[in-house]
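Colleague: I am attaching a structure below and will ask some questions about it afterwards.
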Amino acid sequence: MKHIENIEEHVRREKPHVTTSWSMDKRVLDDSYAAMDERLAATKQGPAAAIHMRRTMRLAAAAAVTIIAAALLLTLGRHTPNRPAPQPQFAAQSPTMIVSMISLRTAYQQGGWEALDRQFRDTLGQLGPGPSSLSMQQLLESSNGS
Amino acid sequence: MNNACKISFAGILFVALAAVLVASPVLALPPDPDNAALLYYQAFLSLAQLSDEARDHIGKVARGETPPDKQVRQDIAKCAGAIESAEAASKVPACNWGVRYSKGFEAPMPQMAQMRYLTFVLIADARIRAADGKYRAALERCLMAGTFARHVGDDTLISYLVSRSVRGVAYKCMQDVMGRAAGDAKLLQWLKDELAKSDAETLSPVRPLKMELDVVSDLMRMENVEKLAQVLAGFGGKASAAEIAKMADEKILERARRIYTERINSALTVMSTSMPYEQAETQLKQLVGNLDSNDPSEATVQAFIPALDKIFAQKVAIETHGSAVKAAIEILLARARTGQLPDALPSGLPKDAFSGKDFEYEKTKEGFTLRCPGKDLDIYRYEFKLSK
């Protein structure tokens, strides 16, 4: 399969979860031009055909880049691998800091009850409830068994 | 039988009973905790470990946004141990969460998030019971959540806010269940009596505000300037903690302490004085505002002074919700007596705490509504849908 087809197939398979950057764009364009040169060398059908082919290949390359950019834009809302989600400043210091009185007060001060409630939700996500409910009998059984 | 024989027999019986009592294994066991918090902490540890989505779903069921489905029934069943511990806790009068006040604002309060989760579990369980037609059992859960709200208490401002939130979710559930059980006069009378007993609580923002006054005043001193700077930097300003600490001096902090103390003391006076709600709200709003963020002392105060008007509004809103529930019980009892909803609000019912006036009563296709006079927003309108 040719380079350009590789790119199109990649997009068709909905696997555009790659880091987008200028180097990525450049690589896609280089691949496209390489495929175009290969094709031109193989056909050798005269200047008019070469010009027509060159235009077609440029259009195809531009379309591939546009498709990838659009796919990335569509998926950025769901996946932001390069940008960590903003965390409350206190949460960044230590997981237990988000449950300190000042951290909870800051959340309330800055965002009212909604922000405080969100912080409670995040706290459960980070610190959890306990792994499970164990009766004394279950604990004794497990220690006797070991 | 002669007297000597009778005395001997009684003596033998006494010794035998005493021996049985002494040898009884029940007496060898220490008593259960006399601090409800210890039982609640056990409940928190016994809550099922569920995904964020599953917990959010429980929350939606608890708030009545979605009916209980098979999944939530399974998840609540996994929390049976936690509910049992909370049930035991609700029977213990005293509750001390063991807040480490000596740590000031750094005091850890991990129990707060668990309280929110346990509340949703209890109320989701109440809604499952109601969906199964077990109205009394559902209302018992709501009352238990009410006790939990009282136990959450007002140790700190956050505790107070959480406590009011628990109360609100419990009242909302009660409001929905009452409508379904509208035809059961005996159940309504029982609920009325239970509410009269359990609602005698005196939680208020005054106590936590006094506590914060001490903590913040202590923090606004040069010997604690590094801690203070860390807190202020945490509020998201441009300056780093080191820069804030460098800028601070005794004069700035002394002025900040004075402004903060004056404003909180004024707020405490407003909250403790009987006055129309609008007047209190206006005064509290003024105490929170009019602070220049470019003035170091006033900016420091601004970072710590809570939204006093909103805290007060929440207090009055929960009182109003409680009054609406109690007034609705009376309306439903009148309906049970006469066979139809009254055309006008009966006299002598609990009033809207915002205005001090009777609720505006309106019959609807599905039941009736109670609205706070002069308030247009839906949050001040309590709807009671009656089952046919």
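Laboratory data are not the source of any read-out in this text; all were calculated from the coordinates shown. Only a predicted model underlies this, so the values are computations on that prediction, with no experimental measurement involved. All Cβ positions, glycine included, derive from the backbone under ideal geometry; neighbour counts span all protein chains shown.
Colleague: For chain B, with the dipole built from +1 on Lys and Arg beta-carbon atoms and -1 on Asp and Glu ones, taken about the Cα centre, which of B:ALA353, B:ALA233, B:ALA86 lies farthest toward the positive end?
Modeller: So the residue we want is B:ALA86.
Colleague: Here's another thing I want to ask about it. Tell me, what HN-Hα J-couplings in whole Hz come from the Karplus equation 6.51 cos²θ - 1.76 cosθ + 1.60 at θ = phi - 60° for each residue of region B:242-255, using x for Gly and Pro?
Modeller: In residue order, the calculated couplings are 5, 5, 5, 4, 5, 6, 5, 9, 4, 5, 4, 5, 5, 5 Hz.
Colleague: Please count, across region B:206-306, the pairs of lysine residues with Cα atoms under 22 Å apart that sit 8 or more places apart or on different chains.
Modeller: Taking the Cα cut-off of 22 Å, the pair count is 6.
Colleague: Ok, one more. Go through region B:282-379 and name the trypsin sites (Lys or Arg not before Pro) that are in a DSSP coil and have 10 or fewer other Cβ atoms within 10 Å of their Cβ.
Modeller: Those that pass, being in a loop and sparsely packed, are B:LYS365.
Colleague: Hey, which aspartates and glutamates would be in cross-link range of B:LYS192, C-alpha to C-alpha under 17 Å, not counting anything within fewer than 8 residues on its own chain?
Modeller: The reachable aspartates and glutamates, counting only those whose Cα sits under 17 Å from B:LYS192, are B:GLU140, B:ASP176, B:ASP184, B:GLU201, B:GLU319, B:GLU330.
Colleague: How large is ³J(HN,Hα) for each residue in region B:180-194, as worked out from phi by the Karplus curve 6.51 cos²θ - 1.76 cosθ + 1.60 (θ = phi - 60°), to whole Hz, x for Gly and Pro?
Modeller: Along region B:180-194, the couplings run 5, 9, 4, x, 9, 4, 5, 5, 5, 5, 4, 4, 4, 5, 5 Hz.
Colleague: Averaging sequence separations of C-alpha pairs under 8 Å and six or more residues apart, then dividing by the length of chain B, give the relative contact order as a whole percent.
Modeller: Numbers: 483 pairs, mean separation 47.6, N = 388.
This gives 12 percent for chain B.
Colleague: What ranking do B:289-295, B:157-163 get when scored by the average of other Cβ atoms within 10 Å per residue, highest first?
Modeller: My ranking of the peptides, most packed first, is B:157-163, B:289-295.
Colleague: Tell me whether chain B comes out rounded, prolate or oblate; compute the Cα gyration tensor, take square roots of the eigenvalues as a ≥ b ≥ c, and use a/c under 1.5 as the rounded threshold.
Modeller: Values: a/c = 1.99, a/b = 1.28, b/c = 1.56.
Cα axes put chain B in the oblate bin.
Colleague: Here is a further query. Putting +1 on Lys and Arg Cβ atoms and -1 on Asp and Glu Cβ atoms, find which of B:TYR135, B:ALA124, B:LEU157 reaches farthest to the positive end of the dipole of region B:112-163.
Modeller: Comparing the listed Cα positions along the dipole, B:TYR135 ranks first.
Colleague: Nearest 10 degrees is fine. How inclined is helix B:3-23 to the longest principal axis of chain B, computing both from alpha carbons?
Modeller: For helix B:3-23, the angle is close to 40 degrees.
Colleague: Can you give the mean number of other chain Cβ atoms that lie within 10 Å of the Cβ atoms in peptide B:110-122?
Modeller: 4
Colleague: At a threshold of 8 angstrom on Cα-Cα distance, excluding pairs fewer than six apart, so keeping six or more, what relative contact order does region B:206-306 reach in percent?
Modeller: Values: 86 pairs, mean separation 27.9, N = 101.
With pairs under 8 Å counted, the relative contact order is 28 percent.
Colleague: Once you order the gyration tensor axes a ≥ b ≥ c over the Cα atoms, which shape class does region B:206-306 get: rounded for a/c under 1.5, otherwise prolate or oblate by comparing a/b with b/c?
Modeller: It is prolate, given that a/c is not under 1.5 and a/b is the larger ratio.
Colleague: So what's the angle, to the nearest 10 degrees on a 0 to 90 scale, between helix B:308-338 and the longest Cα principal axis of chain B?
Modeller: The helix B:308-338 is inclined about 30 degrees to chain B.
Colleague: When you look at the Cβ of every residue in A:117-126, what mean number of other chain Cβ atoms sits within 10 Å?
Modeller: 5
Colleague: Would you mind working out the magnitude of the charge dipole of chain B relative to its Cα centre, with +1 at each Lys and Arg C-beta and -1 at each Asp and Glu C-beta, to the nearest 20 Debye?
Modeller: Dipole about the Cα centre, nearest 20: 1100 debye.
Colleague: I've got another one for you. How far is helix B:225-234 tilted off the main Cα axis of chain B, in degrees rounded to 10, range 0 to 90?
Modeller: Helix B:225-234 sits roughly 80 degrees off the main axis of chain B.
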